[in-house]
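The values are calculated or read from the model by the stated rules, or taken from the named source; none is laboratory data. Keep in mind that this is a model prediction, so the values were computed, not measured. Heads up, the Cβs are rebuilt from the backbone with ideal geometry, glycines too, and the neighbour counts pull from every protein chain shown.
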Amino acid sequence: MEHKYLGYYDVVVVGGGTAGIPAAIKAARGAAKTLLIEREGCLGGMMSTGIPVLGTLDRQLNKVVGGIVDEISNELKEDNLSFGDLRCPMHNSITVMSPWWYRIVATRKCVEAGVEVVYNASLLEVRVNSGKVCALSFLAGNFIYDVDLQVVIDATGDATVAYLAGADYEMGQPEMLEGLVAQQAKNETRYDIGHSKKGKVQPVSLTFSLGGVDTETFMQYLKDHPETYKSPAGYGMHYDTEYLFNSPAIYVTCFGEFIEEARKNGDFDIPRDRVIFATQPNKNEYVINATRVVDVDPTDPIEMGKATNELTRQVAMLTRFFRKYCPGFKDCFLANVAQFTGARESRRIIGKKMVTKANIDALEIPEDCIAMGGYNCDVHLSGVGLYFQPIERGVGVPYGAMVPQNIDGLLVTGRAISVDSYALAVLRVMGPCLALGEAAGAAAALAVKQNISVADVDVKELQDVLVKGGAIVRL
């Protein structure tokens, strides 16, 4: 296959999803010549599925994520395409934006910043010289493109760049989480909680949207049947009527009773005990988070292919389930299916610093904090349930969590940063990943400008750049 030399770039961002978009925009705004390569035919990642951004506000309603995501959300609010940051008693906050318009505005901002984008690109090789990443190759169309670079940002979610470069990493849930799950399960009165297996990652899912919902009938059922959205006893968090019936958008988990009925009738075989809905800006449309395949290695394309086949079947089953059993959904239709299967966790690098359960429990915001998150501890298990516990205030991520311990010229952002499995369950959602992406882009631009290692970036200077752009690094 023919090779083409694409040239030299100050910064190459691999992955144009939740973390990759703000990383590329921030790097380019910092005067770095920036290339963004994306495996899909569009930018957006999970942000383009309609799933709400979680964790931009913490449980005390402190604003903990800002910057580029606020630029986009505020622009969309002008056309009623975003609801902005809303309080949620279960998820602390939700930020709902039109996935289509998010993609459009985010792409425009990349172009305006000067980011060069290559779509439908598959990373092939990462070249390392004397312990520093210096070049990479990717496949796009009929060509293999070779690129020289100073800094590469891994925003793949799977730490693919880091893996190919030889960075140290870990993957999976240790027995520590099993003990926490067992403790929560003692308090359960209704919902079955499965157990994670050592080394296994959380289940993968495929989200989809249903249009044509009779929202009035749906909401009336919630009002008449509060038991449908009652939380399992072990959660310690519960929906309230002010949120459900007065918020302009909701993210609600319910309809366990209909799943039980459908399962008895042979109409439901998915390992979920409830379904999750999120209001969309399109009238009478909801995004659904309810499919699940367990024990899948997201770095194995064969396993992911089989999982995607099964998840596609589950989308059809769920659509029929809603029509047959759920109030307000009799005439609903399948409006959209996400363009890829989503993974909740994958490889995590071993960084110069690591965020651990102890840091989360202490609600730490370190001096070298470069991004924050305001979500709860949320672990999807191998059974049908969750380990879901509140985190009372926003927590911070130190810069070293993005810097691999043994490879230079590389920053890892998004959910693949250096965290233990408990901290991952708090920081894996889109809010903190957006903040981490912006921080990585700013750090890469500083390293290029000063011709220094990414490990030597002055964190105080980095914090100043981020705060000036509206990002949040302290409360």
Unique residue being under 19 Å from residue 397 (Cβ atoms), of a type outside the set (A, V, I, L, M), in a loop (DSSP other than H, G, I, E, B) and in the same structural domain as residue 138 (by TED's automatic domain parsing) when the list is 66, 16: 66
When residues of region 162-175 are limited to those that are in a helix (DSSP H, G or I) and at pLDDT 65 or above, the one farthest from residue 404 (Cα to Cα): 164
Residue satisfying condition, being touching a residue at least 24 places away in the same chain (Cβ under 8 Å), surrounded by fewer than 17 Cβ atoms within 10 Å (Cβ to Cβ) and touching a Leu at 6+ places or on another chain (Cβ under 9 Å), within set 312, 291, 319: 312
Among residues of region 340-377, those that are aliphatic (A, V, I, L, M), under 30 Å from residue 306 (Cα atoms) and outside any loop (DSSP other than H, G, I, E, B), counted: 2
Residues that are among the hydroxyl-bearing types (Ser, Thr, Tyr) and part of a strand (DSSP E or B), drawn from region 378-400: 387
Among (1) touching a Leu at 6+ places or on another chain (Cβ under 6 Å); (2) modelled with pLDDT under 95, the one test that residue 178 misses: (1)
Test: residue in region 235-249 that is acidic (Asp, Glu), modelled with pLDDT of 95 or more and at negative phi: yes
Within region 253-264, tally of residues that are outside any helix (DSSP H, G or I) and touching a residue at least 60 places away in the same chain (Cβ under 8 Å): 2
Condition met for residue 45 (closer than 19 Å to residue 161 by Cα and in contact with a strand residue (DSSP E or B) (Cβ under 9 Å, 6 or more places away or on another chain)): yes
Residue tally, condition under 20 Å from the mean Cα position of the chain (by Cα), surrounded by fewer than 20 Cβ atoms within 10 Å (Cβ to Cβ) and under 25 Å from residue 159 (Cβ atoms), over region 383-409: 0
Only listed residue being of a type in the set (S, T, N, Q), closer than 24 Å to residue 397 by Cβ and at pLDDT 95 or above, chosen from 80, 92: 92
Test for residue 343: is it farther than 30 Å from residue 287 by Cα, at pLDDT 95 or above, under 18 Å from the mean Cα position of the chain (by Cα) and not basic (Lys, Arg): no
Filter pass, residue 333 being on the phi < 0 side of the Ramachandran plot and in contact with a Gly (Cβ under 6 Å, 6 or more places away or on another chain): yes
Hits in region 425-456 - residues which are surrounded by fewer than 24 Cβ atoms within 10 Å (Cβ to Cβ), outside any helix (DSSP H, G or I) and of a type outside the set (Ser, Thr, Tyr): 451, 452
